[in-house]
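The values are calculated or read from the model by the stated rules, or taken from the named source; none is laboratory data. All values derive from a computational prediction rather than experimental measurement. Heads up, the Cβs are rebuilt from the backbone with ideal geometry, glycines too, and the neighbour counts pull from every protein chain shown.
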Amino acid sequence: MDRCIVLVDAGYLLGAAASLLTGNPTRTGIQVELDRLVGAIRERAEADTGLPLLRVYWFDAAPDRVPQPEHRRLRVMNRVTVKLGALTRSGGEGRWAQKGVDAAMHAELTGLARNNACSDVVLITGDGDLLPGLTAAKEHGVAVHLWAVQAGDGDYNQSEDLVAEADVRHVLDSDWIRRSISVKETVVPRTPGPRPEIAAILSAPLHEKERVRSGDAPDGDDGPPDPADGGPEPGGEPVGVAPPRSGKPCPEPAGVGARPRAGVPTPKDLAGLAPRPPALNGHGNGVATGDHGSAVLRWSTDRGLVEQTSRDDQLPTLAQLTSAAQRWADREEDITAIGGDPQEVGQVFARRWSARLGEPPAAEELLRVLWSFYPRIPHRIDGELLRYAARFGLLAHKDDQIDEEDRYAIRAGFWRELGSRPGAPAVEDGE
């Protein structure tokens, strides 16, 4: 049959490309434009063999053989078939290793040759385990073209036996690789510190009785102040003192004999603070002001003792805002266009949620409510956001948990997308 077929060992192709571009074979360091890469493979295969392409077989591994975002995108491309092996932890260091990929490539290669499905096969691999399959294909009259990725150190990154046995060998040089693969720009997330008004509350010393009851210091024996614990600097003024719940003024710190409580006050401690803290400029950060000047805490663990807010109940979930037709279109976009980067996932979710809030007056009010929670995301929406992120394989390598850095990146992407809307409050640096 006068046509060609390409068998791609994705672990080799992308790992070697990452090593060439970054000096590290880890694939997370590169950004791959899959449409362009597959198109370039198809074009070069037809040029090298002089035959029309029948199909590209893409062999890769995934945890429990569950397709990852790039696999879902590849599966819907024309003339592309994805075959997955298992990705398992091996060795004392718990590194990930492919299982079954070489066997699958060997079976496909020999099966295609035996069934006379093609006259030429292009192999993109470096594993010597494929030597028996390559030899069998040649015995069935198939010409084998072996493609190598240019090695970063200038040496071979393929089995010498494969190189010796192949009919033709071509090298994919750096220029060819860079047309569809680039170094990923790394964004290091930085958690912003507390807002000044919240920092002032947390650093304010508590009433002497509160400190004694909490066990921070024995009555009458406070010890010298420690600036590292938030105490007054030598010669400086003490931070604002919070009055107790009884309404009686707190005693002023007695020079070197007073020391603010180390650590963070409990929700009950903060709930009794007065007077009303400064306005938060539209962005709630765990504390908001109540009608009578006392602090109102969100997500307090002291249920029944501290007033709870329920404003998050006003905010609809994305599922409630999405029609059946939109749900189908969302799924199509997830498969064909979304790469699965944590920040990108958060941005896509926020874009869909904000675009479906309805007419401007109602939508603006809902966005205002949402922004009052900043930098937190209300529980109902946050849970839906993380469940959406799980579709993109962000759970697979983390023992069914999204790790802390990815969670931060997902939420940062959510706020960044909303912050780009006209009239949105400015997002703090680091968000």
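At-a-glance table
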quantity	calculated
Near pairs, Cβ below 7 angstrom, 6+ apart or cross-chain, from region 1-25 (within 19 Å of Arg42 (Cα to Cα) and free of Cβ contacts under 8 Å to residues at least 60 places away in the same chain) to any residue that is part of a strand (DSSP E or B) and not charged (D, E, K, R)	Ala10/Trp58; Ala10/Phe59
Test: residue in region 309-324 that is modelled with pLDDT of 50 or more, in a loop (DSSP other than H, G, I, E, B) and more than 26 Å from the chain's Cα centre (by Cα)	yes
Residue check for Arg72: within 22 Å of Ala389 (Cα to Cα) and crowded, with 18+ Cβ neighbours inside 10 Å	yes
Residues satisfying the stated conditions in region 76-86, i.e. β-branched (Val, Ile, Thr) and not in a loop (DSSP other than H, G, I, E, B)	Val80, Thr81, Val82
Residue in region 40-48 that is surrounded by fewer than 16 Cβ atoms within 10 Å (Cβ to Cβ) and under 18 Å from Ile181 (Cα atoms) present	yes
Residues satisfying the stated conditions in region 334-348, i.e. touching a helix residue (DSSP H, G or I) at 6+ places or on another chain (Cβ under 7 Å) and of a type outside the set (Asp, Glu)	Ile335, Thr336, Ile338, Gly339, Gly340, Pro342, Gln343, Val345, Gly346, Gln347
Scope region 146-188; condition surrounded by 16 or more Cβ atoms within 10 Å (Cβ to Cβ) and modelled with pLDDT under 85; matching residues	Gly152, Lys184
Which numbered condition Gly339 misses (of (1) surrounded by fewer than 19 Cβ atoms within 10 Å (Cβ to Cβ); (2) in a helix (DSSP H, G or I))	(2)
Candidates Pro361, Pro378, Pro422, filtered to the one that is touching a helix residue (DSSP H, G or I) at 6+ places or on another chain (Cβ under 9 Å) and either at pLDDT 90 or above or of a type outside the set (A, V, I, L, M, F, W, C) (or both)	Pro378
Subset tally (residues that are more than 24 Å from Leu134 (Cβ to Cβ) and surrounded by fewer than 20 Cβ atoms within 10 Å (Cβ to Cβ)) for region 1-26	5
Candidate set: region 37-70, residues that are over 17 Å from Trp147 (Cβ atoms) and not hydrophobic (A, V, I, L, M, F, W, C); chosen: the one modelled with the highest pLDDT	Pro52
Selection from region 54-66 of residues that are closer than 13 Å to Val122 by Cα, of a type in the set (A, V, I, L, M) and buried (at least 19 other Cβ atoms within 10 Å of the Cβ)	Val56
Flag for Thr28 being of a type outside the set (Gly, Ala, Ser) and farther than 15 Å from Asp173 by Cα	yes
Residue in region 15-35 that is more than 24 Å from the chain's Cα centre (by Cα) and at pLDDT 95 or above present	no
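Every residue, every condition in (1) assigned to a helix (DSSP H, G or I); (2) within 24 Å of Asp334 (Cα to Cα); (3) of a type in the set (Lys, Arg), yes or no:
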{"residue": "Arg36", "(1), (2), (3)": "yes, yes, yes"}
{"residue": "Ala40", "(1), (2), (3)": "yes, yes, no"}
{"residue": "Leu51", "(1), (2), (3)": "no, no, no"}
{"residue": "Val56", "(1), (2), (3)": "no, yes, no"}
{"residue": "Asp64", "(1), (2), (3)": "yes, yes, no"}
{"residue": "Glu70", "(1), (2), (3)": "yes, yes, no"}
{"residue": "Leu74", "(1), (2), (3)": "yes, yes, no"}
